[in-house]
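Notes for the one structure printed next.
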Amino acid sequence: MSANPSIELSETMLRAVRGHHAFEGCVEQLATAIRLGVYPRGSALPPERELAERMGVSRATLREAIAALRAADFVSTTRGRGGGTVVSYRAKRPSARGARALQPRRAELLDTLVFRRLVEPGACHVAASRGLSAEQRDFLAAAHDEVAAATDPARHRQADSRFHLALAAVTESPLTVRAVASVQADLHDMLNAIPVLEVNIAHSAVQHRAILDAILGGDPTRARRVMESHCDDTAALLRGLLA
């Protein structure tokens, strides 16, 4: 397992698209991965052949999806030898002005907070219960350090999402990764719709460190309990500010 969060998370986030809506499924998965910082601004998407195989679609369908992302200013594409598709999406700085736009989704988003309380603590319990390899341990530490070092609010928000996705990734459970990715996508929208609160960021940093230490120390009970507290604190903040 690579210690580079972007490389590893791209392998866990993208999966075969099911059903008859292959185009829409490709757009959703790729856009979500870009928004959450799995593919940061300036990074290259994998080659078309590799992406198409991973997502179980034709290259024609994948090209249509990439064209849609290009139209939405998520990516830019250069043709010819040495060309490729590069992420151009600029992460948005959290702002309270987005709260009103979320009101039609309020019931769904509040339910996401309940679902998160079930899924993410369980993922941490599993991660702490497993015998993680040296690469997996380095992978988690690198994802944690990215959050701790991020000073720009938009980059911090993406790094935070990547850390939570990394916790899910080391469970090696595709269903768990899928659930956490879904939760983090909704959480990303909610946290981007409230002001940046330094006290909350500092509190989260302490909890992130405690979660990492519990997992690396092989303490599943503590890992679960700290993540439960982390989820509860975030949920309380969001319920208050988005009400």
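Below are the figures for this structure:
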{"item": "Filter result for the condition that a residue is in contact with a helix residue (DSSP H, G or I) (Cβ under 6 Å, 6 or more places away or on another chain) and at pLDDT 85 or above, over L14, L9, L109", "result": "L109"}
{"item": "Options L109, L165, L69: the member that is more than 30 Å from R209 (Cα to Cα) and either free of Cβ contacts under 8 Å to residues at least 60 places away in the same chain or open to solvent by less than 60 Å² (accessible area, probe 1.4 Å) (or both)", "result": "L69"}
{"item": "Residue count, region 26-58 (criterion: farther than 21 Å from K92 by Cα, of a type outside the set (D, E, K, R) and open to solvent by 10 Å² or more (accessible area, probe 1.4 Å))", "result": "5"}
{"item": "Test set (1) more than 11 Å from the chain's Cα centre (by Cα); (2) within 17 Å of V38 (Cα to Cα); (3) surrounded by fewer than 19 Cβ atoms within 10 Å (Cβ to Cβ) - T176 fails condition number", "result": "(3)"}
{"item": "Filter result for T221 (of a type in the set (S, T, N, Q), more than 11 Å from the chain's Cα centre (by Cα), modelled with pLDDT of 95 or more and surrounded by 17 or more Cβ atoms within 10 Å (Cβ to Cβ))", "result": "no"}
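The values are calculated or read from the model by the stated rules, or taken from the named source; none is laboratory data. Values in this document were obtained by computation on a predicted structure and should not be read as measured data. Ideal geometry is used to build each Cβ from the backbone, glycine not excepted, and the neighbour counts take in all protein chains shown. Keep in mind that these areas ignore ligands, DNA and RNA; they rest on the heavy atoms of the full protein, side chains included. Shrake-Rupley method; radii C 1.70, N 1.55, O 1.52, S 1.80 Å.
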